[in-house]
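Engineer: Take this structure first; my questions come after.
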Amino acid sequence: MLLLLVFLVFILVACSIATYTITFDVDGGESIESIKVEENALVTRPNDPVKTGYDFIEWYEDADKTEIWNFSSKKVLKNITIYAKFSIQKFNVTFDVDGGSQVDEQRIDYNTVVNEPLTPTKARHDFIGWYKDALKLSEWNFLTEKVTKNTTIYAKWAIAKEGCFDKEKANNNLQDIVYFIGKFGKNSDRFLRAKLAVDNNIKFYT
């Protein structure tokens, strides 16, 4: 009787189907619970994981994410981890120069800082700075402000009291001479260089 009982237990164990644990590595995205799958069965494809600032690409069978996991044909033979792969989102950063010289648009990765552009110029205006709002109340900090969406950064200007020297239209511009007299005096180096430029019909750069 005892031998019969042992034999039956052996048969039951031998005939049982093994199950394995499937873990989903979401690489920082919203978690997905692991599942149990029988040996030689297919894995049911889970919902695509969500990760802020990233687009989901695909599920992979290796940590280096070089081989895509095929949910329609790949069968389970052991405990496995399936890896999610993402690509970082990119956003457009445009510069509203408010009539000043052109500043090129930038394409910036999610949650990274903007490269501070060269200071724009505007005839007879002084550049104040870059601002994050159209009303130009809050200044943009290029060291700390990070991009999380398409963004416009606004140039702020102040009208120069005596008129601003225009680098692009310096030839034969007597108003620029008047400006330099008023601001720096007739004997200033800038006035003398501006007058020399006009006298010789050449462009003067500050």
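Engineer: Anything in region 87-112 that is assigned to a loop (DSSP other than H, G, I, E, B), touching a residue at least 40 places away in the same chain (Cβ under 8 Å) and acidic (Asp, Glu)? List them, or say none.
Structural biologist: Asp98
Engineer: For region 88-98, indicate whether the set of residues that are more than 16 Å from the chain's Cα centre (by Cα), at positive phi and of a type in the set (Asp, Glu) is non-empty.
Structural biologist: Let us first name the residues in region 88-98 that are more than 16 Å from the chain's Cα centre (by Cα), namely 96-98.
Right, trim to at positive phi and you get 98.
Of the ones still in play, those that are also of a type in the set (Asp, Glu) are 98.
For region 88-98, residues more than 16 Å from the chain's Cα centre (by Cα), at positive phi and of a type in the set (Asp, Glu): present.
Engineer: Another question, then. Given the structure, is Lys36 surrounded by 14 or more Cβ atoms within 10 Å (Cβ to Cβ) and either assigned to a loop (DSSP other than H, G, I, E, B) or touching a strand residue (DSSP E or B) at 6+ places or on another chain (Cβ under 9 Å) (or both)? Lay out the reasoning, then the answer.
Structural biologist: On the way: surrounded by 14 or more Cβ atoms within 10 Å (Cβ to Cβ): no; either assigned to a loop (DSSP other than H, G, I, E, B) or touching a strand residue (DSSP E or B) at 6+ places or on another chain (Cβ under 9 Å) (or both): yes.
No.
Engineer: Related question: Among the residues of region 113-138, how many are outside any strand (DSSP E or B) and surrounded by 12 or more Cβ atoms within 10 Å (Cβ to Cβ)?
Structural biologist: As a first pass, look at region 113-138 and keep what is outside any strand (DSSP E or B): 114-124, 132-138.
With surrounded by 12 or more Cβ atoms within 10 Å (Cβ to Cβ) added as a condition, the list becomes 114, 116-117, 119-124, 132-133, 136.
Residues flagged as outside any strand (DSSP E or B) and surrounded by 12 or more Cβ atoms within 10 Å (Cβ to Cβ) within region 113-138 amount to 12.
Engineer: Checking the condition in the same structural domain as Ile22 (by TED's automatic domain parsing), under 30 Å from the mean Cα position of the chain (by Cα) and under 15 Å from Thr21 (Cα atoms), which residue from Glu67, Glu61 passes? So that I can check it myself, show each step before the final result.
Structural biologist: Values: Glu67 fails: under 15 Å from Thr21 (Cα atoms).
Exactly one residue qualifies, and that residue is Glu61.
Results for (1) farther than 30 Å from Thr112 by Cβ; (2) at pLDDT 95 or above; (3) more than 43 Å from the chain's Cα centre (by Cα), shown as yes or no for each residue.
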site: Leu2; (1), (2), (3): yes, no, yes
site: Ile22; (1), (2), (3): yes, yes, no
site: Thr44; (1), (2), (3): yes, yes, no
site: Asp48; (1), (2), (3): no, yes, no
site: Ile57; (1), (2), (3): no, yes, no
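Engineer: Scan region 31-55 residue by residue and report those that are farther than 29 Å from Thr148 by Cβ and free of Cβ contacts under 8 Å to residues at least 24 places away in the same chain.
Structural biologist: So in region 31-55, the residues farther than 29 Å from Thr148 by Cβ come out as 34-45.
Passing the criteria: Ser34, Ile35, Lys36.
Engineer: Of the residues that sit in region 56-97 and are acidic (Asp, Glu) and surrounded by 14 or more Cβ atoms within 10 Å (Cβ to Cβ), which one is nearest to Asn150 (Cα to Cα)?
Structural biologist: So, considering only residues that are acidic (Asp, Glu) and surrounded by 14 or more Cβ atoms within 10 Å (Cβ to Cβ), the one nearest to Asn150 (Cα to Cα) is Asp96.
The values are calculated or read from the model by the stated rules, or taken from the named source; none is laboratory data. Quantities reported herein were computed from a predicted structural model and do not represent experimental measurements. We place every Cβ from the backbone using ideal geometry, glycine too, and count neighbours over all the protein chains shown.
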